[in-house]
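Q: I'd like to ask you about the structure that follows.
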Amino acid sequence: MLIHRRGFIAGMAALVAVPRQAGAVAPITDPELARFIAGMPKAEYHVHLEGTLEADMKFALARRNGLKLPFADVAAMKASYDFHDLPSFLKIYYDGMKVLLKEQDFYDLAYAYLVKAASQNVIYAEMFFDPQEHLKRGVPMAAVIGGITRARRDAQAKLGIRSQLILCFVRDLSAESAMAALDAALPFKADLVGVGLDSDEKDNPPEKFRAHFAKARVNGLHVTAHCDVDQVDSLGHIRTVLLDLKADRIDHGGNIVQSPELVAIARQRSIYFTVCPTFSGTLRAGLKEPVDVVRAMLDAGLKVTISSDDPAYMGSEYLNDVLIRAVDRSNLTRDELTMIARNGFEAAWLPEADKSALIARLESYLRSAA
Ligand SMILES: [Zn+2]
């Protein structure tokens, strides 16, 4: 979410205002490949739970919590997603999030995503959430993490989808606010697998959160960070995240292809990138010709995974839809697709034996689909 604000807005304008012309993406030409994607066991690492808050759920939660939304119906709300600038987007986004107040609301949000993901054969997910936004509205951390954790357990028991939770710092709020959120979350650290960094990068470089990442590591949490495409000093941010903060993964990170030195470091450290091509699929800044991020990263030998990011604000396109578009947009071969899927499981913050079990399920599928 909020992440890539400028890229997001540009992407949304294409997706929402003129969806059938978005990026001149042709309809998928190979239905068999689409079936192959749909049936393939998959993992997802870059999905913001608040970005999966669909319009119909906003209405349901508003009714339950006695709130009135400024839209007549779901269609009117979705029509409002046709925003054209940052302030209008943020108003919609934050207004929508206000319906999340109680533990059950967070349960319903997370469970709905996990149902959708499981229906697309996502068998493992590591999901972001932004607690600072909820703490600001007086929601206790226990309600946020408690609801999501209960949903994760139920989804694993009932649907067979395993998941973990990553606390994201909202980088354009203060460092003190982020530390307060981390401190409030640490009593629940058994329910977290890592911390991340999202929202607006401008004037909020990753080093602002050095102490937060250090404290998270001391408490046994993994570390990842958004480095969205074409931000001010994107390469500097990637360098800091790689070399200074020593993040375990990078979310987006496409500008790295502009630095052979950083590419070599990422390859040497086997850094996985969680790429969301719907939002941040094209590099433009300072280039004569736009560069397709997924294609360029694959060609650079980087470890790419693909995720859906904020599907409720992206035409409700979840992982299968995103992968199908990526096939066309980036001319992915079947081998590249399976490599991306394999990367997905290898990137998991799980014990090796658990990772191997997930990879075995993928390999079994690939043998049966051969
Ligand atoms: Zn994101």
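Values in this text are rule-based calculations from the coordinates and carry no lab data. All values reported here derive from a predicted model rather than from experimental measurement. With ideal geometry, Cβ positions are generated from the backbone for all residues, glycine too; neighbour counts draw on all protein chains shown.
Q: Can you tell me how the range 312-370 classifies by the Cα gyration tensor, rounded, prolate or oblate, using a/c under 1.5 as the rounded cut?
A: The shape class here is oblate.
Q: Which aspartates and glutamates, on any chain, are close to K116 with Cα under 19 Å apart, when same-chain ones fewer than 8 places away are left out?
A: Output for K116: E44, E50, E54, D56, D105, D108, E126, D154, D309, D310, E317, D321.
Q: Let me ask something else. With no solvent and one equal point scatterer per Cα, compute the Debye intensity ratio I(q)/I(0) for the range 149-249 at 0.20, 0.21, 0.25 Å⁻¹ and report its log10, rounded to two decimals.
A: -0.96, -1.03, -1.29
Q: Across 5 Å bins from the origin, how do the percents of Cα pairs in the range 69-199 run, short distances first?
A: With 5 Å bins starting at 0, P(r) equals 2, 10, 18, 20, 19, 16, 11, 4, 0.
Q: Using θ = phi - 60° and the Karplus curve 6.51 cos²θ - 1.76 cosθ + 1.60, what whole-Hz ³J(HN,Hα) does each residue of the range 327-339 get, with Gly and Pro shown as x?
A: Result, ordered by residue: 4, 6, 5, 9, 6, 6, 7, 4, 5, 5, 4, 5, 5 Hz.
Q: Here is a follow-up. Full extension from K158 to A60: what is 0.36 nm times the residue separation minus their Cα-Cα distance, to one decimal in nm?
A: Details: separation 98, 0.36 × 98 = 35.28 nm, distance 2.30 nm.
Full-extension gain reported as 33.0 nm.
Q: In nm, to one decimal, how far is the modelled label at Q104 from the one at E289, with both set 7 Å along Cα→Cβ?
A: Between Q104 and E289, the label points sit 5.7 nm apart.
Q: Given 0.36 nm per residue, what is the gain on full extension from Q268 to A72 after removing their alpha carbon distance, in nm? If you can, show how the numbers build up before the last one.
A: Numbers: separation 196, 0.36 × 196 = 70.56 nm, distance 5.36 nm.
The span from Q268 to A72 would gain 65.2 nm if fully extended.
Q: Here's something else I'd like to know. At 0.36 nm per residue, minus the direct Cα-Cα distance, what do S119 and E32 gain on full extension? Give it in nm, one decimal, please.
A: Taking S119 through E32 to full extension adds about 29.5 nm, to one decimal.
Q: Report the residue, chosen from L337, L350, L283, that carries the largest GNM mean-square fluctuation when the chain is represented by alpha-carbon nodes joined by springs under 10 Å.
A: Result for the chain, Cα springs under 10 Å: L350 fluctuates most.
Q: Please go through the residue pairs K98/K246; K215/K303; K68/K215; K158/K189; K78/K355 and name each one whose alpha carbons sit more than 31 Å apart in this structure.
A: Exceeds cut-off: K98/K246; K68/K215; K78/K355.
Q: Quick one: which residues, 5 or more positions from L53 or on another chain, have an amide H under 5 Å from its amide H? H modelled 1.01 Å from N in the peptide plane, none for Pro or chain starts.
A: A312
Q: In whole Å, what are the extents of the range 163-210 along the principal axes defined by its C-alpha atoms, from largest to smallest?
A: Result for the range 163-210: principal-axis Cα extents of 32, 22, 14 Å.
Q: Also: Between rounded, prolate and oblate, where does the range 220-369 land on the alpha carbon gyration tensor, with a ≥ b ≥ c its root eigenvalues, rounded for a/c under 1.5, else prolate if a/b exceeds b/c?
A: Note, shape of the range 220-369 comes out oblate.
Q: For S163, what residues show an amide H to amide H distance below 5 Å, using hydrogens built from the backbone and excluding near sequence neighbours?
A: A125
Q: Still on this model: What percentages make up the Cα-Cα pair-distance distribution of the range 269-319 when the bins are 10 Å wide from 0?
A: Spelled out bin by bin, the range 269-319 gives 24, 45, 28, 3 percent.
Q: Treat the count of other C-beta atoms within 10 Å as a stand-in for reagent exposure and order M179, M97 from fewest to most. Provide the component values of the computation, followed by the final result.
A: Values: M179 15, M97 19.
Ascending Cβ contact count within 10 Å gives the list M179, M97.
Q: Using only the Cα atoms of the chain, each taken as one equal point scatterer with no solvent, compute I(q) by the Debye sum, divide by I(0), and report log10 of the ratio at q = 0.09, 0.14 Å⁻¹.
A: -0.46, -1.24
Q: Give me the distance between the Cα centres of the range 188-266 and the range 289-349, rounded to whole Å.
A: Answer, in whole Å: 20.
Q: Each label point is 7 Å from the Cα along the Cα-to-Cβ direction; what then is the distance between the points at S259 and A211, in nm?
A: Between S259 and A211, the simple spin-label model gives 2.6 nm.
Q: Near the amide H of H46, under 5 Å away, which other amide H atoms are found, from residues 5 or more places off or on another chain, if H is placed in the peptide plane?
A: Sorted by chain and number, the residues that satisfy this are S308, D309.
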